[in-house]
Amino acid sequence: MTKDINQGTKAVWAGEKDQLAFGATQVPVVHSVSFGYEDMDEWYDVAIGKKPGHIYGRNTNPTVQAFEDKVKALEGAEAATSFSTGMAAISNTLSTFLAPGDRVVSIKDTYGGTNKIFTEFLPRQNIDVELCETGNHEALEAEIAKGCKILYLETPTNPTVKITDIERMVTAGKQVGAMVIVDNTFATPINQNPLTYGVDLVIHSATKFLGGHADALGGVVCGDKNLVEPIYHYREINGATLDPMAAYLLLRGMKTLKLRLRQQGDNAMELANYLKSVEWVDDVFYPGLPEHSGHDIATKQMRHYGAMLSFSVKGGVETLRHLLPSLKYANRAANLGSVETVVGPSRTTSHVECTPEERAAMGIPEGLIRVSVGIEDIDDIIQDFQTAFEGLPKERLVNG
Ligand SMILES: *Cc1c(COP(=O)(O)O)cnc(C)c1O
């Protein structure tokens, strides 16, 4: 049924029906480590996967399954499997398919943890990783053409919201038989469905927009059954299982995914336009702005430009020190994607491991602020920023 209905309806209804019990209208949190059987033959059939059912909580759980089925419907995938965190989804997926001697092509601006896997852990296993300039499609195509097992993309990226052309990269990847993986965390399935462009696997940190309330960690990967099954097998053995309570919180959060993303995206567009008019602001990075480097591609492959933006301020770190503490309606924190607006300097959050020189080389000014725009009324968010800017010492603007 989920094939024929729209995203907002799927967000509310998909994946739940099979897990309802006692006439309850809501999916229960099944806090049970194991599932018992009186019939030995039935137990055996479920254990070998011949019959549907649950055996042990590290493998499967009804609440967790409802979460997986909802994501599966939203991404238009054949199968999905979930994890304790987004990083577990990413690391388990890579570990399932990579072996010594393999080659991976990706971009420099992937999520910080993903970047660490590429630069610290995979090389240790004699897996070669080539990271290209984000947004440089020619460089990516040249590296892909040399052959690779996995082409790993993230679009939009952290923190300057760069865009990669998914369809173009799929074409290049398929020519060399690469598996194409996209981290769709920033866009969400409401704004972008990479599988429709021929991508093999889509990954989410459900901790962010899917959950939407910054109260549960989780990750998920979806795609064709023949690819998701070996990932599920790797996870059931290695044990990075999603907890049923977290699955429930994520599932409940997802019901409002479309509503939240509509409001957050519209808010981000208005905030980006406001920030452009502020004299303290040097640059605003938001793909919805016509001057953004990825605007045209984003317009082509996304339904909305999303809720993530960043901007740089005159006076760098000193200005941040004054500006951020005076915001009333924003959490100063490392997460993103929640109903509250969240702000953080890139030098403290996503790129804390880099030196100022490394950040500069990546096009990340020291005064760059990442904003995950919340669902608040936009007039209040803008007013909050305006008051904070007005409180900055004017002489810094002249001298800074
Ligand atoms: C947060 C994030 C991750 C990692 O997810 P966790 O749930 O924190 O492990 C991966 N990719 C992106 C784009 C993220 O924002």
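The numbers here are math on the coordinates, done by the rules we state, and not lab data. What you are looking at is a predicted structure, and each value in this text was computed from that prediction instead of being measured. Don't worry about glycine lacking a Cβ; one is built from the backbone with ideal geometry, like all the others, and counts go over all protein chains shown.
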**Prompt:** When the distances between all Cα atoms of the chain are binned every 20 Å from zero, what whole-number percent does each bin get?
**Reply:** 27, 55, 16, 1, 0
**Prompt:** Where the centre of each part is set by its Cα atoms, how far does the stretch 57-91 sit from the stretch 182-199, in angstrom?
**Reply:** 16 Å
**Item:** q = 0.24 Å⁻¹: log10 I(q)/I(0) that the Debye formula gives for the stretch 58-103, counting C-alpha atoms only
**Value:** -0.94
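If we sort 129-136, 382-389 on the protection proxy, mean other Cβ atoms within 10 Å, highest first, what's the order?
129-136, 382-389
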**Message:** Treating only the Cβ of Lys, Arg, Asp and Glu as charged (+1, +1, -1, -1), what charge dipole size does the stretch 254-382 show about its Cα centre? Round to the nearest 20 debye.
**Reply:** 500 debye
**Request:** Working from Cα positions, state the angle (0 to 90°, nearest 10) between the long axis of helix 225-238 and the longest principal axis of the chain.
**Result:** 90 degrees
**Range of Cα positions in the stretch 257-399 per principal axis (Å), largest first** = 42, 33, 26
**Request:** With a cut-off of 15 Å, note down the residues of the stretch 61-90 whose backbone N falls inside the zone around a label point 7 Å from the Cα of TRP13 toward its beta carbon.
**Result:** 70, 73-74
**Item:** Least to most buried among ILE117, ILE181 (fewest other Cβ within 10 Å first)
**Value:** ILE117, ILE181
**Request:** Measure nothing fancy, just the Cα-based angle from helix 244-254's long axis to the longest principal axis of the chain, in degrees from 0 to 90, nearest 10.
**Result:** 60 degrees
**Request:** For the stretch 262-400, calculate the relative contact order in percent as a whole number, restricting contacts to Cα pairs under 8 Å that are 6 or more residues apart.
**Result:** 28 percent
**Request:** List, in the order given, every pair from LYS70/LYS208; LYS17/LYS208; LYS70/LYS276; LYS208/LYS328; LYS162/LYS314; LYS116/LYS314 whose Cα-Cα distance in the structure shown is over 27 Å.
**Result:** LYS70/LYS276; LYS116/LYS314
**Complete:** hull vol. (C-alpha, convex hull) per residue for the stretch 211-302, Å³ -> 168 Å³
**Complete:** Of 83-93, 6-16, 184-194, 317-327, ordering from highest average Cβ density within 10 Å down gives 184-194, 83-93, 6-16, 317-327
**Asked** Placing +1 at every Lys and Arg Cβ and -1 at every Asp and Glu Cβ, with all other atoms neutral, what dipole size does the stretch 1-148 have around its Cα centre, in debye to the nearest 20?
**Response** 240 debye
**Fill in**
Site SER32, offset 7 angstrom along Cα→Cβ, radius 12 Å on amide nitrogen, limited to the stretch 55-79, gives 55-57, 61-63
**Message:** Can you compute log10 of I(q)/I(0) for the stretch 322-381 with the Debye formula, treating each Cα as one identical point scatterer, at q = 0.23, 0.27, 0.28 Å⁻¹?
**Reply:** -0.90, -1.08, -1.12
**Request:** Compare the Cα positions of LEU217, PHE186, GLY173 along the charge dipole of the stretch 160-219 (+1 at Cβ of Lys, Arg; -1 at Cβ of Asp, Glu; about the Cα centre) and return the one farthest towards the positive end.
**Result:** GLY173
**Complete:** Over all pairs of different Cα atoms in the stretch 60-195, the reciprocal of the mean inverse distance gives a Kirkwood radius in Å of 15.5 Å
**Prompt:** Over the chain, what is the relative contact order in whole percent, taking alpha-carbon pairs under 8 Å and six or more residues apart?
**Reply:** 16 percent
**Prompt:** Can you give the calculated 222 nm mean residue ellipticity of the chain, where each DSSP H run of n ≥ 4 adds -39,500 (n - 2.57) and the sum is split over every residue, rounded to the nearest 500 deg cm²/dmol?
**Reply:** -11000 deg cm²/dmol
**Asked** If the viscosity is 0.692 mPa s and the temperature 37 °C, what translational diffusion coefficient in µm²/s does Stokes-Einstein give for the stretch 4-131 when Rh comes from Kirkwood over Cα pairs?
**Response** 186 µm²/s
**Request:** Rank the residues ARG332, ARG124 as a footprinting-exposure proxy: fewest other Cβ atoms within 10 Å of their Cβ go first.
**Result:** ARG124, ARG332
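Let me know the charge dipole size of the chain about its Cα centre in debye, to the nearest 20, where only the beta-carbon of Lys, Arg (+1) and Asp, Glu (-1) is charged.
Using only the charged Cβ atoms, the result is roughly 160 debye.
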